[in-house]
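This report refers to the structure that appears directly beneath it.
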DNA sequence: CCTAAACTGTTTATGTCGTCAGCAGTAGGC
DNA sequence: GCCTACTGCTGACGACATAAACAGTTTAGG
């Protein structure tokens, strides 16, 4: 168990919070003031510190006071830079997304598989480095920052040589993040502290109810859940690429 | 915005909470007492009420006191049936999973595509009916209940005719829930209340930064994000099935 | 039958959280 | 130099999960 991640909104408003506020924040589109004392912080620095805290202690550990404490200021000071916690989490996501993937020179048609592969691997790396991303992005209707858009743009660009239309490219993109996120969740589970204990209990439970789950029992006997050197990410990626290839091939 | 979902664990222990407790709860493996007053509730009924509340008002609205209030008892009464909120959420998930998918008669080899398709559609239906499932299952190291296992078992069974080995079947299963969850998230986003407002703001933002996201701009002009009658679930499913087919075909 | 143990639900209390309101100090523009 | 926009702070509030102690209820065992 330990550190299960979670984000709440609490209270009741949040409905009144202006969508434009967080967008302006994400896109850096707000005029900064000239008068008054020099600000000690910036939204960026706050988000970076919060992300680091989440890396270290999980998303649950990210509270306004803890983040503020890291800067030696009071919790309420943060509200001068960030409308609320929800927005802070979105800034954290954006922060951690980095500058986007580094893509190989696309070149000719045949190389699109490599490009998509590169995109997927790098995206998976981000999720692996920041397990809380999974929970943080499981919220509804997140605001899109420029960095998230850059990732999306890169994926769509990599898919251009396939000749798929825009809608199809977008759907392939959805398949890819779905894969990445799912593999990330799997890995996060496995790296959990008491993972071995849970596995043992589950195995025991399954053994006692084997007849209720014949296919599962058979699959386990056949090597499921045993690490076999094949990365689930690579396997899934190959399946998706093959599937895309089938569409292309079937059409021309 | 409104009702963003979230689950927390709070306090600090939870590390001390016995994994066997929640497993016994999920599997109904606890001897019930004979002495003392008749219990007013059961874990099942509590979980069902909590799930209904989550359906109506979102996972955030599920608090111990609200759930207890629905039964006319105090919040602390629930702790006689459930170790804590974390475990309640796991019971909610299990509750909502139902009896598992109804699978067609598998019959001969050729029908496995239909079986997998049926599984995926039904799984997607569950997620569509209970949007909070996405958040509730985004936690780390969830305990597996019999119903979740039944879904897993059914998927693996549907994949048996493919001739894939156990590890591969498991990986295909991962691809499938990845797809289902991702599509569910997409749809939840779209059904959000102020969805149109967000779309408008995003479009405006993108128009102003079009040159930074050429592929995205092109894709949108090419019909991405426009509903075109093709269900993203079906599209993804076809790609995955084609990918699986490619493995089978390539091997024999 | 009667008592003690097991079990029920309740009240009270603690600590953490996000966030509102109001304050005192600061610094640039007039 | 003063007004004003800004800073960060303290205090308060309500919601939450949950620990602890208690009072009432049922049944098993003598």
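Output the residue which, of all residues in the stretch A:108-137 that are surrounded by fewer than 19 Cβ atoms within 10 Å (Cβ to Cβ) and not in a helix (DSSP H, G or I), is farthest from the other protein chains (Cβ to nearest Cβ).
In this case the residue turns out to be A:108.
Would you be able to tell me the number of residues in the stretch B:74-102 that are part of a helix (DSSP H, G or I) and surrounded by 15 or more Cβ atoms within 10 Å (Cβ to Cβ)?
14
What are the residues in the stretch A:76-102 that are more than 14 Å from chain B (Cβ to nearest Cβ) and within 16 Å of DNA strand C (Cβ to nearest atom), if any?
Residues satisfying the conditions are A:76, A:77, A:78, A:79, A:80, A:81, A:82, A:91, A:92.
Name the single residue that is farthest from the other protein chains (Cβ to nearest Cβ) among those in the stretch A:138-183 being more than 20 Å from residue A:90 (Cβ to Cβ) and assigned to a loop (DSSP other than H, G, I, E, B).
Top of the filtered list is A:163.
Which of the residues that make up the stretch A:211-237 are under 30 Å from residue A:115 (Cβ atoms), part of a helix (DSSP H, G or I) and within 7 Å of chain B (Cβ to nearest Cβ)?
Within the stretch A:211-237, A:232, A:235, A:236 qualify.
Kindly evaluate residue A:44 against the criterion of being surrounded by fewer than 15 Cβ atoms within 10 Å (Cβ to Cβ), within 14 Å of DNA strand C (Cβ to nearest atom) and at pLDDT 80 or above.
Judged against the criteria, residue A:44 is not a match.
Pairs, please: C-beta under 6 Å, at least 6 apart or cross-chain, first residue assigned by TED's automatic domain parsing to the domain that holds residue B:55 and in the stretch B:131-149, second modelled with pLDDT of 95 or more?
Once the first residue is assigned by TED's automatic domain parsing to the domain that holds residue B:55 and sits in the stretch B:131-149, no partner that is modelled with pLDDT of 95 or more comes close enough.
Let me confirm something: among A:241, A:201, which residue is within 26 Å of the chain's Cα centre (by Cα) and part of a helix (DSSP H, G or I)?
Criteria check complete, one pass: A:241.
Filter the stretch A:50-72 for residues that are over 18 Å from the mean Cα position of the chain (by Cα), surrounded by 13 or more Cβ atoms within 10 Å (Cβ to Cβ) and more than 14 Å from DNA strand C (Cβ to nearest atom) and give the result.
Across the stretch A:50-72, the qualifying residue is only A:71.
Within the stretch A:48-73, how many residues are more than 16 Å from DNA strand D (Cβ to nearest atom) and more than 14 Å from every other protein chain (Cβ to nearest Cβ)?
The number of residues fulfilling the criteria is 5.
Please go through (1) in a helix (DSSP H, G or I); (2) under 30 Å from residue B:250 (Cα atoms); (3) more than 11 Å from chain A (Cβ to nearest Cβ) for residue B:105 and return the number of the only condition it doesn't satisfy.
(1)
The values are calculated or read from the model by the stated rules, or taken from the named source; none is laboratory data. All values derive from a computational prediction rather than experimental measurement. Heads up, the Cβs are rebuilt from the backbone with ideal geometry, glycines too, and the neighbour counts pull from every protein chain shown.
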